[in-house]
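Here, each number is a calculation from the coordinates, and none is a lab measurement. Fair warning: this is a prediction, and the values are worked out from it, not measured in the lab. Please note: Cβ atoms are built from the backbone with ideal geometry, for glycine as well, and neighbour counts cover all protein chains shown.
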Amino acid sequence: MGSGGEKGVSAAVLTIVVLASCWTALAVEVSNRYRSPRNPERAVRASTELIVLHTTEAPARSSLNKLCDRGEAHYCVTEDGTIYAIVDRDREAFHAGRSMWNGKEDVDKFSVGIECVGYHDQPMGLVQLRAIAALVKELKTMYKLGDDRVVCHSHVAYGAPNRWQRNRHRGRKRCGMLFAMNTIRRILGLKTKPASDPDTRAKRLVVGDQYLRKVLYGGVDTMASHYPKPAPVKPQVAKTPPVKAPPVKTQPAKAPLPKPQVVKTPPKQPPAKPQPAPKPPPVVQAKKVPRTEAELKSMGYSRKGVISPGLTAMKIAGAKWNADNTYYVVRGKATPGSMINPAKIEVGAAIWMK
C-alpha cells in the first residue's frame, strides 16, 4: 500500500482512539438525557488547557433544551446536583464565544465548558457545588490541569470596540463570576486561581469593567456571608516525652486487713428533659430578577428614558449603563445592564433604574 494509504489508516486509527476516550466513563454519575445531536459535526480538540465554568442565567429546563439544541457546553450541572453530558468532552463545544486567554483566541478550541444552572451574583446550594467540585476534580486529573486552570467565563470573554468602549476590552460578560470568589473556590476544592489577567497585562485588551476586575483579581467576595466559614486550624504543639526517674527501693509493708465494703444506693436522678430539635439552617432566598416592565414597576424601578438616534444609553444612565440594577426592556423583555450585549441595545429600548 502506498504512503497515502498508510496516512489514511493512521488517521482512522487516531480518530477511533480519540472517540474511544470521549466515551470513557467518568467516576461521577452523568446523564445522557440531553446529549446534543451536534456531536458528529464538532471537531476533536487538539489540546485541553482550561476548564471554563459558566452560569446559565436561566432555569434548568430552558437552559438544558438550549444547550442540547445548539451544543453549547460539554456538561450542565443542575440545582439538585445532576450532571448532564451535552457534547463529548474531547470535541469542541461552542460555549465561550468571543474569547481570549494568554493571547490565544477562540477558547472553545482548547477548553472544557461546564454550565451551572444559576446566576452570576447569587449563591448556589451546597449539593450543586459539591457535584461541580466532583466533576471538576475528575476533569483536572484527566487533563492534568492545575487549580489555576479552572476559570470562569468572565475570565476569558472579551468585547469588540463599540459605542461605549473604543478598544477591545475585558468585561463583555459577568457570566460565572462567583466561581472566581475565594469562598466558592474553597468549596470546590480549588486552592489557587489566576493571579492576574495575562491579556490586559500584555495590553492586548483593556479593562472594560472595573468591578469585574476587582472580583476576578482584587479579592471582592460577595458569597462569604452565605456559607459557613471553615473551622480554624489549631497549631500542633510537639509534646516532650517525660523523663523517667530511677526506681526507688522500698521495704515491703504488711498488707492491711480488707475493710468490709458498703454498697451505696445511687440517688434517683430526675427524668431528663426533652431537648428541642435543632433549628434547620437558614434558607438562602434567591434574588428575584424582574423580567417585564410590570415586574420592574412593582419592584420600585422607573423608566428613565428610551434609546433614540440622539439619546444613547450613556446619556440616559451615565456610568451605570451596565450596572446590575439598570435594566433594558427590549421587545417586552427586561435584561440587566451587566448581561446586556451592547450590540443588541437598539433604538426604542427603554431604560429602567431606581
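Tabulated data for the structure shown
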| quantity | calculated |
| --- | --- |
| Globularity ratio of the stretch 26-226, using Cα Rg and 2.2 N^0.38 Å | 0.96 |
| Residues His169, His153, sorted so that the one with the fewest Cβ neighbours within 10 Å comes first | His169, His153 |
| ³J(HN,Hα), Karplus 6.51/-1.76/1.60, whole Hz, each residue of the stretch 172-189, x for Gly, Pro | 5, 9, 9, 4, x, 3, 5, 6, 8, 7, 4, 4, 5, 5, 4, 5, 7, x |
| Ranked packing of 118-127, 309-318, most packed first, by mean Cβ within 10 Å | 118-127, 309-318 |
| Given charges at Cβ of Lys, Arg, Asp, Glu: the stretch 293-353 dipole, positive-most of Ser302, Tyr327, Gly348 | Gly348 |
| Diffusion constant of the stretch 293-353 at 37 °C, which comes from Stokes-Einstein with the Kirkwood Cα-pair radius and 0.692 mPa s, µm²/s | 293 |
| Entries in Lys203/Lys320; Lys137/Lys191; Lys66/Lys333; Lys214/Lys320; Lys66/Lys144; Lys320/Lys354 that, when Cα-Cα distance is taken, lie over 21 Å | Lys203/Lys320; Lys66/Lys144 |
| Under-5 Å amide H pairs with Val330, H placed in peptide plane, nonlocal only | Thr335 |
